[in-house]
Amino acid sequence: MKRIVSILILLAAMASSMTAQNGNRTKFATDMYQAKHELIIQECGLTMTQQKQFMPLYEQMEREIYQVNRNARVLANEIENKKNPSDREYEAAASALSSTRMREAEIESKYFEKFSKILSKKQLFLLKQTEVKFTREMLGKKKKNK
């Protein structure tokens, strides 16, 4: 799951950078997340009550994970664009990049506990399966566009 969310975030970032500037990036990201959320609702068979409880939490989790990845990317970009980064700066950037998966796992674990109060065991399983399915579909579309 950690890896899937990372891939989704990276796909969103890559796809956003490939689309036209500002407004189109936002629209693409919004459309992508909307499609993902609709797929989750459909595949997991969420009731309206579950949707109202679950989706805001899921979106909050996505934002937190996005922010962890964004912070690491910003730091890495700063180092890449610097003329002569110090070893200390390289180490800080490498550490931030390396710890993103751990932070993602921590965030996901925190939310999994919350999700388990809303979703059935089967729905929790289907959620993971649906995230994998969505990632595969996005990767398939990316390959077709190349």
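The values are calculated or read from the model by the stated rules, or taken from the named source; none is laboratory data. Because the structure is a prediction, the values reported are computed rather than measured. Because the Cβ atoms are built from the backbone with ideal geometry, glycine has one as well, and the counts that use them run over all protein chains shown.
A few remarks follow.
- Residue in segment 52-75 that is surrounded by 12 or more Cβ atoms within 10 Å (Cβ to Cβ), of a type in the set (Asp, Glu), touching a residue at least 60 places away in the same chain (Cβ under 8 Å) and assigned to a helix (DSSP H, G or I) present: no
- From the options Thr19, Thr49, residue that is at pLDDT 90 or above, hydroxyl-bearing (Ser, Thr, Tyr), more than 17 Å from the chain's Cα centre (by Cα) and farther than 22 Å from Ile107 by Cα: Thr49
- Hits in segment 90-117 (condition: among the hydroxyl-bearing types (Ser, Thr, Tyr) and part of a helix (DSSP H, G or I)): Tyr90, Ser95, Ser98, Ser99, Thr100, Ser109, Tyr111
- Qualifying positions in segment 118-133 - part of a helix (DSSP H, G or I) and buried (at least 18 other Cβ atoms within 10 Å of the Cβ): Gln123, Leu126, Leu127, Thr130, Glu131
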